[in-house]
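Q: Structure incoming, see below.
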Amino acid sequence: MNGYDANAVEAAVMLKEKHGGSITLLSIGDESVKAALRRAFAMGGDRAVLIAGPTGLAADSAATAALLAAAIRKLAPVDLILAGRQASDTDAGQVPQRLAALLDLPVITPVKGFTIDAAGGATVERIGDGTTQRLKVMLPAVLGVSNEINKPRPAPLKGVMLAKKAEIPTWSAADLGIEPPMPALILRRLSVSPMPESRAELIAAPSAAAAGVALADRLRQEGMI
């Protein structure tokens, strides 16, 4: 569970505390992913399901969205779908949009805040380029949650104990009534650019005024002024 996912879980728990309801947690991968599901369960989830499929860098956004959409159809009806805005390894940020398209639902991402009203809608604050957009959407909808929305709570001891005992079923593509989805994109390589070298030089002088003069002289020598 990456940071954005934890923000989405926290948002769901806060929503349940205010309005009631239940939270079903979904994740895709192998048996090791159950640890992340148990952490989310301990935070306040009510049910967790593991969907068998690729995980980590082998996971493709299109295949991930197809598996999640099939699982959500099996769980229907649902009132709201919360997801992290993007993965923390590839930063692809495609799953919320693809999921909404497959379910024919509206989608807003990245989200920094939202409130639910009695009329079955949500007022959503979406992060723009140096702006915040305030949008109204009718539910059900898909929201891609960003880390500005909240600070995830630590799991309480009672939640941790319940999570250890929780039954987490595994659903295969066959259980969902679909063929295993083929990836639309295959990651060949992921590399991190080397950090640029930096050099610091300390300007020593008996006073601030002298230090300013010495700094200006040094900058002239470097051709910067």
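The values are calculated or read from the model by the stated rules, or taken from the named source; none is laboratory data. Predicted, not measured: the structure shown is a model, and the values here were computed from it. When we count neighbours, we look across all protein chains shown, and the Cβ atoms used for this are built from the backbone with ideal geometry, even at glycine. Accessible surface is based on the protein model in full, side chains and every heavy atom, while ligands, DNA and RNA are left aside. Shrake-Rupley method; radii C 1.70, N 1.55, O 1.52, S 1.80 Å.
Q: Can you tell me how many residues in the range 126-151 are open to solvent by 50 Å² or more (accessible area, probe 1.4 Å) and of a type in the set (Val, Ile, Thr)?
A: Number of matching residues: 2.
Q: Return the only residue of Ala42, Ala58, Ala52, Ala48 being open to solvent by less than 30 Å² (accessible area, probe 1.4 Å) and closer than 24 Å to Gln94 by Cβ.
A: When all the criteria are applied, what remains is Ala48.
Q: Restricting to the range 63-90, what's the tally of residues that are touching a residue at least 40 places away in the same chain (Cβ under 8 Å) and surrounded by 17 or more Cβ atoms within 10 Å (Cβ to Cβ)?
A: The qualifying residues number 15.
Q: Could you go through the range 206-218 and let me know if any residue there is under 25 Å from Ala87 (Cβ atoms) and in a loop (DSSP other than H, G, I, E, B).
A: For the range 206-218, residues under 25 Å from Ala87 (Cβ atoms) and in a loop (DSSP other than H, G, I, E, B): absent.
Q: Could you pull out the residue among Thr64, Thr132 that is hydroxyl-bearing (Ser, Thr, Tyr) and over 17 Å from the mean Cα position of the chain (by Cα)?
A: It is Thr132.
Q: Test Met195 against the criterion of being farther than 20 Å from Gly29 by Cα, part of a loop (DSSP other than H, G, I, E, B) and of a type outside the set (Asp, Glu), and give yes or no.
A: Considered against the rule, which asks whether it is farther than 20 Å from Gly29 by Cα, part of a loop (DSSP other than H, G, I, E, B) and of a type outside the set (Asp, Glu), Met195 comes out as yes.
Q: Need the failing condition index for Pro169 against (1) at pLDDT below 95; (2) more than 20 Å from Gln97 (Cβ to Cβ); (3) open to solvent by 50 Å² or more (accessible area, probe 1.4 Å), just the number.
A: The failed condition is (1).
Q: Listed residues Thr123, Thr115; which is of a type outside the set (Asp, Glu), part of a strand (DSSP E or B) and open to solvent by 70 Å² or more (accessible area, probe 1.4 Å)?
A: None of the other options fit; the residue is Thr115.
Q: So which of Gln94, Gln133 is in contact with a Ser or Thr (Cβ under 7 Å, 6 or more places away or on another chain) and more than 23 Å from Met43 (Cβ to Cβ)?
A: Selected residue: Gln94, the only one of Gln94, Gln133 that is in contact with a Ser or Thr (Cβ under 7 Å, 6 or more places away or on another chain) and more than 23 Å from Met43 (Cβ to Cβ).
Q: Just checking, does the range 39-51 include any residue being under 19 Å from Val142 (Cα atoms) and in contact with a Lys or Arg (Cβ under 8 Å, 6 or more places away or on another chain)?
A: yes
Q: Given the structure, is Ser32 surrounded by fewer than 19 Cβ atoms within 10 Å (Cβ to Cβ), under 13 Å from Asp5 (Cα atoms) and hydroxyl-bearing (Ser, Thr, Tyr)?
A: no
Q: Among the listed residues Leu185, Leu190, identify the single one that is farther than 23 Å from Ala83 by Cα, in contact (Cβ under 8 Å) with a residue 24 or more places away in the chain, open to solvent by 80 Å² or more (accessible area, probe 1.4 Å) and in a loop (DSSP other than H, G, I, E, B).
A: Step by step, each of Leu185, Leu190 is checked, and only Leu190 is farther than 23 Å from Ala83 by Cα, in contact (Cβ under 8 Å) with a residue 24 or more places away in the chain, open to solvent by 80 Å² or more (accessible area, probe 1.4 Å) and in a loop (DSSP other than H, G, I, E, B).
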